[in-house]
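Bear in mind these aren't lab numbers, they're just calculated from the coordinates by the rules spelled out. Note that the coordinates shown come from a computational prediction; the quantities given were computed from them, not determined experimentally. With ideal geometry, Cβ positions are generated from the backbone for all residues, glycine too; neighbour counts draw on all protein chains shown.
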């Protein structure tokens, strides 16, 4: 017969987010044997990482994973990457392991949900809700260097700039001072401020489409005729019906191609044109968001009922076409 586990009272100061180190538990009077017993498969606790215990059953929350990672790595560890950007207010959902910056002399092994990056340039952490996070520029560069997705890279850089969390100079300085592995694509993106602005618009527009009854489009598309003569450009493109969404920004000093729509419509392409201001406003303005979604959904249905996709070619661009 399994003996029931006695209720254990541990001083609250040793527990944060339901996480405690075994050292803290021992200091609170919990024996090594009792810790082991309570961490058995049928017990009320779990060892998430060496020396770190979650005092509940079930899967840990992201917050508990962050706390556990910091307790595992110990003093001077700093959370970077997606979690740090989220803590600074960047609207994204972490999709990967917790990324920690630790001193170069720290001898730890990566674990199931923890990636360690040893650095001799540990940033001064920004403490948010009692957890240490890397400053925005460092966190953004760490995300950008690690991703192979050009849209993710540029969107992250654009979002931290748009929200005023750092400047292009601070991003470049951070990139120059850090590990140069994976820096080439980041450096190229930082040289094109118009591209960053376009990518930010596309990130905003992509979130706006979460509420739209539409399939996901392709982004950054050049549309040509069968002889490869350029007809125009689309920020978002629904190839199955030949629908182009153009997000119009003010003309800049760059040589990005302008949005042409007359040649597109003459070729049978359905075009929806929306100002950048509307796209940026839509996140906080329900009426504007509904207006844009309604226009796109209506255009998609109209294009689908036309009886066939227009005879055009669509190629995804590696450069901005959102002038």
Subject >> Average projected area [Cα convex hull, segment 78-236], square nanometres >> reply: 11.9 nm²
Subject >> Whole-number Å³ per residue for the convex hull built on Cα positions in the chain >> reply: 184 Å³
Subject >> Mean separation of Cα contacts under 8 Å, 6 or more apart, over the residue count of the chain: relative contact order % >> reply: 11 percent
Subject >> Fewest-first sequence of 107, 263 by Cβ atoms within 10 Å of each Cβ >> reply: 107, 263
**OP:** Sticking with the crude label model, points 7 Å out along Cα→Cβ, report the distance from residue 42 to residue 115 in nm, one decimal please.
**Re:** 4.0 nm
**OP:** Could I have the simple spin-label model distance between residue 127 and residue 93, label points 7 Å from Cα toward Cβ, reported in nm to one decimal?
**Re:** 3.1 nm
**OP:** Estimate the FRET efficiency between residue 287 and residue 230 by the formula 1/(1 + (r/R0)^6), using the beta-carbon distance for r and 35 Å for R0, to the nearest 0.05.
**Re:** 0.45
Subject >> residue 177-residue 151 pseudo-label distance in nm [points 7 Å out on the Cα-to-Cβ vector] >> reply: 3.3 nm
**OP:** Give me the percent of Cα-Cα pairs in segment 12-60 that sit more than 18 Å apart, rounded to a whole number.
**Re:** 17 percent
**OP:** Provide 72, 233 in ascending order of the number of other Cβ atoms located within 10 Å of each residue's Cβ, fewest first.
**Re:** 72, 233
Original post:
How much length, in nm to one decimal, is gained on full extension between residue 62 and residue 301, taken as 0.36 nm per residue of separation minus their Cα-Cα distance?
Top reply: 82.0 nm
Original post:
Where does the chain land at 222 nm, in deg cm²/dmol rounded to the nearest 500, when only DSSP H runs of n ≥ 4 count, each adding -39500 (n - 2.57), divided by all residues?
Top reply: -11000 deg cm²/dmol
Original post:
Taking other Cβ within 10 Å of each residue's Cβ, how do 228, 218 sort, fewest first?
Top reply: 228, 218
